[in-house]
1. Kindly indicate the residue of the stretch 147-171 that is of a type in the set (A, V, I, L, M, F, W, C) and without any contact (Cβ under 8 Å) to a residue 60 or more places away in the chain and also farthest from LYS32 (Cα to Cα) among those meeting that condition.
2. Is it fair to say LYS32 is over 19 Å from LEU141 (Cβ atoms), free of Cβ contacts under 8 Å to residues at least 60 places away in the same chain and either in contact with a helix residue (DSSP H, G or I) (Cβ under 7 Å, 6 or more places away or on another chain) or small (Gly, Ala, Ser) (or both)?
3. For the stretch 41-57, what are the residues that are in contact with a Leu (Cβ under 6 Å, 6 or more places away or on another chain) and either under 15 Å from LEU101 (Cα atoms) or hydroxyl-bearing (Ser, Thr, Tyr) (or both)?
4. Could you tell me which numbered condition ASN187 fails, if it satisfies all but one of (1) outside any helix (DSSP H, G or I); (2) within 19 Å of THR44 (Cβ to Cβ)?
5. Does any residue of the stretch 19-29 turn out to be farther than 23 Å from LEU173 by Cα and at pLDDT below 90?
6. Being of a type outside the set (A, V, I, L, M, F, W, C), under 21 Å from CYS25 (Cβ atoms) and either over 16 Å from the mean Cα position of the chain (by Cα) or part of a helix (DSSP H, G or I) (or both) is the filter here; which residues of the stretch 93-124 pass it?
7. Quick check: is even one residue across the stretch 1-13 among the aliphatic types (A, V, I, L, M), more than 30 Å from ALA176 (Cβ to Cβ), open to solvent by 40 Å² or more (accessible area, probe 1.4 Å) and out of contact with any Lys or Arg (no Cβ under 9 Å at 6 or more places or on another chain)?
Amino acid sequence: MYYFLLFMSNILINNFVLVRFLGLCPFMGISKTINSAVGMGVSTTCVIVFVSLISWIINCYILIPFQLEHLRIMIYMLVISISVQIIEILIKKFSPVLYKLLGIYLPLITTNCSVLAIPLLNTRLNFGFIESFVYGLSSALGFFLVLVIFSSIRERISESDIPIYFRGYPIVLITASLLSVSFMGFNGLIKL
């Protein structure tokens with residue numbers, strides 16, 4: 001039951017984009033079409049889950065035993081960079097259309113602050129291996145869910161008749177804030 005509560009809490013209540021405001025660059029930049037949002041969501045999910053597991057292993061078996069905790073951020077960034085390069089190579093090989101669609105945002109997964117925040121929070125909260133996996137997966141799925149919902153809303157907005165003063169980023173920011181408020185409505189449903 002604890003793992004289920006942790007899983008649902010990260011998707012709905014403690015969503016990294018809408019509640020903690022991490023990962024806003026790809027959230028705003030890549031959410032113009034549903035196809036690019038799904039591609040970015042899947043690739044970010046793969047990176048976050050992989051980084052969560054590998055960083056936990058590195059932290060427990062290398063950094064803590066050898067008292068190298070001060071190198072944690074640098075090592076985590078190295079793991080993130082390598083995993084993003086692997087994902088980029090795979091997407092370029094198996095889906096060139098998606099690779100072109102994602103463009104500059106694919107390498108920017110490396111600088112996505114939520115990708116670094118999740119392993120750091122795993123360490124700070126003293127999560128075990130399974131908890132780190134559940135935390136990373138649920139946080140990534142929360143990012144994916146919000147990205148897909150927001151991109152579908154943006155596609156609909158782009159076809160709507162919006163007053164001239166609200167066109168472009170003003171209506172996007174208003175929509176993002178309303179989506180954030182709606183996700184904050186889940187607060188209080190699950191208490192850890």
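The values are calculated or read from the model by the stated rules, or taken from the named source; none is laboratory data. Computed from a predicted structure; not experimentally measured. Note that each Cβ is placed from the backbone with ideal geometry, even for glycine, and that neighbours are counted across all protein chains shown. Accessible surface is based on the protein model in full, side chains and every heavy atom, while ligands, DNA and RNA are left aside. Shrake-Rupley method; radii C 1.70, N 1.55, O 1.52, S 1.80 Å.
1. Going residue by residue through the stretch 147-171, those that are of a type in the set (A, V, I, L, M, F, W, C) are 147-150, 153, 157, 162, 164, 166, 171.
Filter again for without any contact (Cβ under 8 Å) to a residue 60 or more places away in the chain, leaving 149, 153, 157, 162, 164, 166, 171.
Numbers: ILE149: 11, ILE153: 9, ILE157: 10, ILE162: 16, ILE164: 19, PHE166: 16, ILE171: 13 Å.
Selected residue: ILE164.
2. Details: over 19 Å from LEU141 (Cβ atoms): yes; free of Cβ contacts under 8 Å to residues at least 60 places away in the same chain: no; either in contact with a helix residue (DSSP H, G or I) (Cβ under 7 Å, 6 or more places away or on another chain) or small (Gly, Ala, Ser) (or both): yes.
Spelling it out, it is not the case that LYS32 is over 19 Å from LEU141 (Cβ atoms), free of Cβ contacts under 8 Å to residues at least 60 places away in the same chain and either in contact with a helix residue (DSSP H, G or I) (Cβ under 7 Å, 6 or more places away or on another chain) or small (Gly, Ala, Ser) (or both).
3. We begin by selecting, within the stretch 41-57, every residue in contact with a Leu (Cβ under 6 Å, 6 or more places away or on another chain); these are 41, 49.
Matches in the stretch 41-57: GLY41 only.
4. Condition (2) is where ASN187 drops out.
5. Restricting attention to the stretch 19-29, the residues satisfying the condition of being farther than 23 Å from LEU173 by Cα are none.
No, the stretch 19-29 contains no residue that is farther than 23 Å from LEU173 by Cα and at pLDDT below 90.
6. We begin by selecting, within the stretch 93-124, every residue of a type outside the set (A, V, I, L, M, F, W, C); these are 93, 95-96, 99-100, 103, 105, 107, 110-112, 114, 119, 122-124.
Cutting the leftovers down to under 21 Å from CYS25 (Cβ atoms) gives us 99-100, 103, 105, 107, 110-112, 114, 119.
Answer for the stretch 93-124, where residues must be of a type outside the set (A, V, I, L, M, F, W, C), under 21 Å from CYS25 (Cβ atoms) and either over 16 Å from the mean Cα position of the chain (by Cα) or part of a helix (DSSP H, G or I) (or both): TYR99, LYS100, GLY103, TYR105, PRO107, THR110, THR111, SER114, PRO119.
7. Narrowing the stretch 1-13 to residues among the aliphatic types (A, V, I, L, M): 1, 5-6, 8, 11-13.
From what's left, more than 30 Å from ALA176 (Cβ to Cβ): 1.
Cutting the leftovers down to open to solvent by 40 Å² or more (accessible area, probe 1.4 Å) gives us 1.
The next check asks that each one be out of contact with any Lys or Arg (no Cβ under 9 Å at 6 or more places or on another chain); those that pass are 1.
Yes, because at least one residue in the stretch 1-13 is among the aliphatic types (A, V, I, L, M), more than 30 Å from ALA176 (Cβ to Cβ), open to solvent by 40 Å² or more (accessible area, probe 1.4 Å) and out of contact with any Lys or Arg (no Cβ under 9 Å at 6 or more places or on another chain).
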